[in-house]
Each structure stands twice: as C-alpha cells, then as structure tokens.
Amino acid sequence: MNNVLFIHNESNLDPIIDFMRSNDASDKIFVLADSDHVDKTVGSAEINIVIADNNNDYSKIVGIVCKLKWKNFRFQSAEIEYENGEIVKLLLCLNDKIYACFNDFSIFNSRVSLKTFADYFKSKSINEKILNDLRSFLASTGIYSNNLGYSFIIDAFVYAFNDRKSLNKLTSDLYPAIGKMRGKSGKSVERDIRSVIESSCNSGKFYSVANSIGGNFEPNEKPSNGEYLAFLVDVFSIRKY
C-alpha cells in the first residue's frame, strides 16, 4: 500500500485532500497529515510519497524526507486542473522503491484533471508481489509486455482489485479512466484488452493455465473482458497463483 503525506500548509491543496478522503478515491489508500505531524504519522504508517505545493521550498521537503529516514528519493512535478479551471502545480517526492514500482510518469507530461491525478495513485496502490505474480500469469498464457493491451489488462486488474464494483461499470467508468491515464480512448482500451484475451485463447495457453488454478473454462470458450478480469481478481485476491 502506498501511503501519501500531504504538506497542506497552502490552502489550495485542501481540495486535493478532500478528494482523496472521498469514497471515489478510496481513503484506505492514503495517510493524510500536515508537515507539523510528520513524527506522529510515521509512527502509525510508513510514508512512501510526499506531495506538496510547488511553492514549497525544496529544502523544507528534503528536511521532512530526512525525518522519514529515506535513504534515496526523487522529485516529480505535476500540474493539476480543477473542474472550475483552477491550476495547481504540485511537487511529488517519492522514495526510490516506490519510484521504481511506478516506473511510468508519462501521465504528468501534460496537465491532468484532479480525478486523473487521484486515479493514477489509486492504480498504483497494490502490492508489487501481486503484480509480479500477475505478470507471470500473463506470460504463461502468451501475453507479454510488447502486446497491445498488456498494460491495459494490468491497469484494469488494479482498478478492479481495489474496487470490484468497477467490474460492473467497465464501459462507463473503468475503460475511460484507464484511457485518460494512458492517453487513449475508452474504446481503444476495451478493444486492445479484448484482442489480447482472444489471442491468448486462440493459442490454447489460457485454458490450461487458468483451469489449473481454479478456472472452469471450456475449450474454445472465450471469456468476455469482464469475465476475464473478474477471474484474475478472484485468483489473486486469495493468491492461488
């Protein structure tokens, strides 16, 4: 789980904190505190990420990082736009371990909405071992990182893993959310996921591997995107793989 420390001594960070506390952003993912309560916060949870207004002095953030006892860290900037058009520039500071797990900050090459910003962190709030197991499963069924749809399956899995209700809103919510993060349309996300699932099924590799870990798929039965993602979530929720 990625725990985030917000430095919110600047008033325009309050909407972000409020949004992260909302059900939509899943308050289980985030630890919220201000810079005056670092010691107390560290005592209750390990902080991986510090987010601050870009106006905050770098030296002040480094001082907080020293309190967190990080050995290495990296900065990443982000520009957020609220629904009312207000622009906020943020500075993200991540320890090396989390930075390596994220490994894709292309989303911040342009201005993003507040929801997309929160969705990005939500999509990363999962144990790395589970993701590694998922990648191993995909490879064993003939789905590799160079396949179109590979990253979309992982993104969709993480969303559904954190919120199973999203499996009931694939077209209206899940696909568009992934598309915004990846610079694609929701339809493109849906199509690429379906294509890579069909390719895995056509090779025959999916059935043997999936059924060996609790699946009940008939030969030549191609699961829908929703069925496929639900199967993955069920399997990895109890770590059968």
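Please treat every number below as a calculation from the coordinates, not as lab data. Keep in mind that what you see is a predicted model, and the values were worked out from it rather than measured. Positions of Cβ are generated from backbone atoms using ideal geometry, with glycine treated the same way; all protein chains shown enter the neighbour counts.
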Is there a pair in Lys69/Lys115; Lys115/Lys184; Lys97/Lys205; Lys187/Lys222 whose C-alpha atoms are over 25 Å apart, and which pairs would that be?
Lys69/Lys115; Lys97/Lys205
Which order results if Val233, Val196 are arranged by neighbouring Cβ count within 10 Å, fewest first?
Val233, Val196
A student applying the Cα gyration tensor rule (rounded when a/c is under 1.5; otherwise prolate if a/b is larger than b/c, oblate if not) would label the stretch 175-241 oblate
Find how much the distance from Ile130 to Ile238 grows on full extension, using 0.36 nm per residue of separation minus their present alpha carbon separation; answer in nm with one decimal.
37.8 nm
A chain fully extended from Glu198 to Asn211 at 0.36 nm per residue, minus the present Cα-Cα distance, gains in nm 3.0 nm
Give me Ser59, Ser195 sorted ascending by neighbouring Cβ count inside 10 Å, so fewest comes first.
Ser59, Ser195
Can you give me the distance in nm between label points at Lys97 and Glu227, each placed 7 Å from the Cα along the Cα-to-Cβ direction?
4.0
